[in-house]
Amino acid sequence: MVLVVRGAVKDYDWGIVDGLAAWSDEATGGPQAELWFGVHPGGPSPLVDPVGDDTGEHLGHHFDVEEIPLLVKLLAAARPLSVQVHPDADTAAAGWKRQQQPGESRVLSDPYEKTEMMIALEPFEAFAGWRSHEQAAAILENVQGTSAAVAAIRANDIPAAIRELLSISAPERIGQLASAAEAAGLPIEQIEAYRTVQEQYPNDTGALLTAMLDYLTLDIGEAVYVPAGVPHSYIRGTGVEVMTSSDNVIRLGLTGKPVFVDRAIEALRLDLEPQVVRAEFGDTLWPTASPFVVRLLRDGREKLPKGAYRIVVNVEGKALIDSDIGEISLRQGTAAVIGAGDPDAWVETAGLVAVVQSTQR
């Protein structure tokens, strides 16, 4: 069975105005942040018929989260997303059980781990993982009132440093972030990233946390793999985001949504780092220990072998899915979903598709 779906639109305020209209066919005049392809109950993908009309069903009517272990998104960020951390499997299960008790805050959206990878469709900027202690301290030494946080960083006490920085609420301190980065000798693109943070979030104490995070840029087709437990904040750009089927986000700042400092610190994995995959465009992106592999295929044909969950998102142009049941056309912004138990299939594109396959069977 091959099912064709369109993405479910999320209009979060950090999105690009009509940034996903080319794929969603919805020009709203407002921010469009994410387009979801999956079964997660927060946005299950509607099924479409051969001419692209909704059938009245969604993917969750045919598969559950165990059968579709991945969630694929198109993401369009106009400004920085929240400083956030995602829980690993044990943390998610324990946190989900905890919040079922009376009086507990709702922190998690589901009981599952969230591990993800962002693949750039255009030049993309992000904060991900930790800066060296030396460099983070060098930045923050130029921000007034951060001496206790700097001491904690130098002592490798990351939780204490986070709490100290979040206790500094004065906007004038946040306004020193870009000049502090410049004084520390950072490159101009990083200084401008911090200028964006302080201008977009002048009253958000989480802004100062970004000084502790490493900065990276991705060229088209390159990716960053973010294991559960690694802090990050995507800054700007458009890309394909692949993750385990979870919407668990524990925020520390740069957001109007609830912040759960203790729970975020509990979820941190200080032993893990992001992996930047500097591949040639079209290469298979296969991070170490990843639950999925991804390839951006342009103008070609590729086999999709049975035995793993497969989803093909048509990013640009035309695509065909060929299997024992015949050919299925994909228009831009739709995706073909093929279960692990379904037979071999082939994708052929005169454009660009994201081919995603699970590695956990």
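The number of residues in region 264-280 that are open to solvent by 80 Å² or more (accessible area, probe 1.4 Å) and under 26 Å from P123 (Cα atoms) comes to 3. Condition check for G206 on (1) open to solvent by less than 60 Å² (accessible area, probe 1.4 Å); (2) more than 20 Å from A267 (Cα to Cα); (3) among the small types (G, A, S): one failure, at (2). Restricting attention to region 284-315, the residues that are exposed (fewer than 15 other Cβ atoms within 10 Å of the Cβ) and small (G, A, S) total 3. When restricted to residues that are among the β-branched types (V, I, T), within 19 Å of V72 (Cα to Cα) and at pLDDT 95 or above, region 247-292 contains 2. Looking at (1) more than 24 Å from the chain's Cα centre (by Cα); (2) of a type in the set (K, R); (3) open to solvent by less than 20 Å² (accessible area, probe 1.4 Å), which one does K318 not meet, given that it meets all the others? For K318, the exception is condition (3).
Within region 191-208, the residues that satisfy the criterion of being of a type outside the set (A, V, I, L, M) and assigned to a helix (DSSP H, G or I) are E192, Y194, R195, T196, Q198, E199, Q200, T205, G206. The helices (runs of 4 or more DSSP H) falling completely within region 88-166 that include 2 or more residues that are more than 30 Å from D219 (Cβ to Cβ), open to solvent by less than 10 Å² (accessible area, probe 1.4 Å) and modelled with pLDDT of 95 or more map to 89-98, 147-154, 158-166.
Screening V83 on (1) open to solvent by 40 Å² or more (accessible area, probe 1.4 Å); (2) in contact with a Leu (Cβ under 9 Å, 6 or more places away or on another chain) shows it passes everything except condition (1).
The residues of region 321-348 that are among the β-branched types (V, I, T) and either crowded, with 16+ Cβ neighbours inside 10 Å or under 24 Å from the mean Cα position of the chain (by Cα) (or both), listed by number, are I321, I328, T334, V337, I338, V347.
The values are calculated or read from the model by the stated rules, or taken from the named source; none is laboratory data. Model, not experiment: these values are computed from the prediction. Cβ: placed from backbone, ideal geometry, glycine included. Neighbour counts: every protein chain shown. The area values use the complete protein model at the heavy-atom level, side chains included, leaving out ligands, DNA and RNA. Shrake-Rupley method; radii C 1.70, N 1.55, O 1.52, S 1.80 Å.
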